[in-house]
Every structure is written in C-alpha cells, then in structure tokens.
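Structure first, then comments.
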Amino acid sequence: MDLLEKYLPKLTVAPIHALLKEFKVQLKIVHERKTRHGDYRRDASGLHHITINSNLNKYRFLITLVHELAHLVAFQKYGRNIQPHGVEWKHTFQKMMIPFLRPDIYPSDLLPVVVKHFKNPRASSDTDALMSIALRRYDPETDKNYIFELPYGSRFVASNGKLYQLGKRLRKRYECLELDSGKMYVFQPNAQVTLMKTNE
C-alpha cells in the first residue's frame, strides 16, 4: 500500500489496493516504455501480472491501472476469446472507473474531460487528444511541443528520433514529411515532439 501512495491520488489508494488483493494481482512499476503506459498478462500458472510505467502522473497512473484491471475482470467474466478492447472491456472499464470520477479525486479542470472520455473509452487514452492534453498538464515540464502548436513547415524530431517537416492538417491529424526517406506520415495533434530551431 505504501508503494501505491507514491503513484495514486490519495483517496484511491485503499480501493485500488483492495482490487489488487481481491484479484491477486502482482503489480510492477517499470521504467518508461514508449509504446505503452501499462499492460496486463496472465502467466501459465494463472497468476495475474500488471506493469505500469513509473513516469505517469497520478491521474494517468490511476486510469492506466484501472484499464489493465478491466482486462483481467472482462476476461474472467466473458471468457478469453473476447476482443481485448471490445465492447465487453469497454463496459467493464466504464463500470470500474465510475467510483473514481469524483471532484475530490480529479481537479476541476480535468474531471469533465475524463468523464466525457469514459462515455466511450478508447483502447489508448492517447488517441483522445483532448484528454491526453488535459492529463499532460499534470506532467513535469518538458521542452517538447504538441504537433498542433507548431507553425506550418516546422521541422521537428519525433519520439522515434527521426526528422520531419509539418505539412497540412487533414481532418483530425497532421500530414508530415519524413526528411530522410521523403515519405509522408500522419501524426495525432497531441503527439509531443521536439521543435528544431531554424539554424539547426
């Protein structure tokens, strides 16, 4: 429980601890992984393992942990042949998050955004640009920019280390040219990138 107090909003520690104990989950906090915030797996002996990135702010940590717990609960309730992020998981995730969608847990600027997200939760909270940006206000300061903040034609380095030039906005995403290969890629507006200075 002491470990959870470091990573979760205070009022969520006891109920989350109870869930982990009820489902006999081995929780492991790990270094940042670029491709995911957390994951769930059941090993060959039937034990449940959840890993969560250590660099998440406490609100994203809570959402990520409940996301992974919802996989466990949905598989137990509906069987292991369901889609990992199908309707069964969505309903389970929604139901499990309801007790935590309260003004004494989430700040007033963040709560309405999170509540809206959970009307139809997505496989990754990062694909909900509004919630991703709202959650990142509670991250430590960085030197990164969002794609949507950059002027047209800006050059930037993405998380994969490659250099791009910002092109036109499509419906929801931005078309960008990878300068080495000459190929076009699309980026979410809330992708965080490093802007290159004009003399670089």
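Looking at segment 57-78 only, could you name the residues that are more than 22 Å from Leu11 (Cβ to Cβ) and either of a type outside the set (Gly, Ala, Ser) or out of contact with any helix residue (DSSP H, G or I) (no Cβ under 9 Å at 6 or more places or on another chain) (or both)?
Listed by number, the residues that qualify are His71, Leu72, Phe75, Gln76, Lys77, Tyr78.
Would you point out which residue out of Lys168, Lys116, Lys172 is part of a strand (DSSP E or B), in contact (Cβ under 8 Å) with a residue 12 or more places away in the chain and exposed (fewer than 15 other Cβ atoms within 10 Å of the Cβ)?
Just one listed residue meets the conditions, Lys168.
Just a yes or no: is a residue in segment 5-15 in a loop (DSSP other than H, G, I, E, B), surrounded by 13 or more Cβ atoms within 10 Å (Cβ to Cβ) and over 20 Å from the mean Cα position of the chain (by Cα)?
The answer is no, given that none of the residues of segment 5-15 is in a loop (DSSP other than H, G, I, E, B), surrounded by 13 or more Cβ atoms within 10 Å (Cβ to Cβ) and over 20 Å from the mean Cα position of the chain (by Cα).
Identify, please: which residue in segment 119-149 is of a type in the set (Asp, Glu) and within 19 Å of Arg36 (Cβ to Cβ) and is, among those, surrounded by the most Cβ atoms within 10 Å (Cβ to Cβ)?
Taking the candidates together, the pick is Asp128.
So in segment 175-200, with the set limited to residues that are of a type in the set (A, V, I, L, M) and in a loop (DSSP other than H, G, I, E, B), which one is modelled with the highest pLDDT?
Checked segment 175-200; the qualifying residue modelled with the highest pLDDT is Leu179.
Which numbered condition trips up Met96, out of (1) touching a helix residue (DSSP H, G or I) at 6+ places or on another chain (Cβ under 8 Å); (2) loosely packed, with under 14 Cβ neighbours inside 10 Å?
Of everything listed in (1) touching a helix residue (DSSP H, G or I) at 6+ places or on another chain (Cβ under 8 Å); (2) loosely packed, with under 14 Cβ neighbours inside 10 Å, Met96 misses just condition (2).
Since Met131 meets every condition but one in (1) of a type in the set (A, V, I, L, M, F, W, C); (2) assigned to a strand (DSSP E or B); (3) free of Cβ contacts under 8 Å to residues at least 24 places away in the same chain, which condition does it not meet?
Here Met131 meets the rest and fails (2).
Quick one: in segment 45-61, which of the residues that are polar (S, T, N, Q) and in a loop (DSSP other than H, G, I, E, B) is surrounded by the fewest Cβ atoms within 10 Å (Cβ to Cβ)?
Ser45
Given Lys144, Lys162, Lys116, Lys168, which one is out of contact with any helix residue (DSSP H, G or I) (no Cβ under 6 Å at 6 or more places or on another chain), modelled with pLDDT of 90 or more and within 30 Å of Leu8 (Cβ to Cβ)?
Of the residues listed, the single one that is out of contact with any helix residue (DSSP H, G or I) (no Cβ under 6 Å at 6 or more places or on another chain), modelled with pLDDT of 90 or more and within 30 Å of Leu8 (Cβ to Cβ) is Lys116.
Could you say whether any residue in segment 69-76 is surrounded by fewer than 16 Cβ atoms within 10 Å (Cβ to Cβ) and not small (Gly, Ala, Ser)?
Yes, that holds for at least one residue.
Consider only pairs whose beta carbons are under 6 Å apart and that are at least six residues apart or on different chains; among these, list those whose first residue lies in segment 67-88 and is assigned to a loop (DSSP other than H, G, I, E, B) and whose second residue is of a type outside the set (A, V, I, L, M).
Final answer for the pair search is Ile82/Glu88.
The values are calculated or read from the model by the stated rules, or taken from the named source; none is laboratory data. Remember, predicted model here, so these are calculated numbers, not experimental data. Glycine gets a Cβ as well: all are built from the backbone with ideal geometry, and neighbour counts include every protein chain shown.
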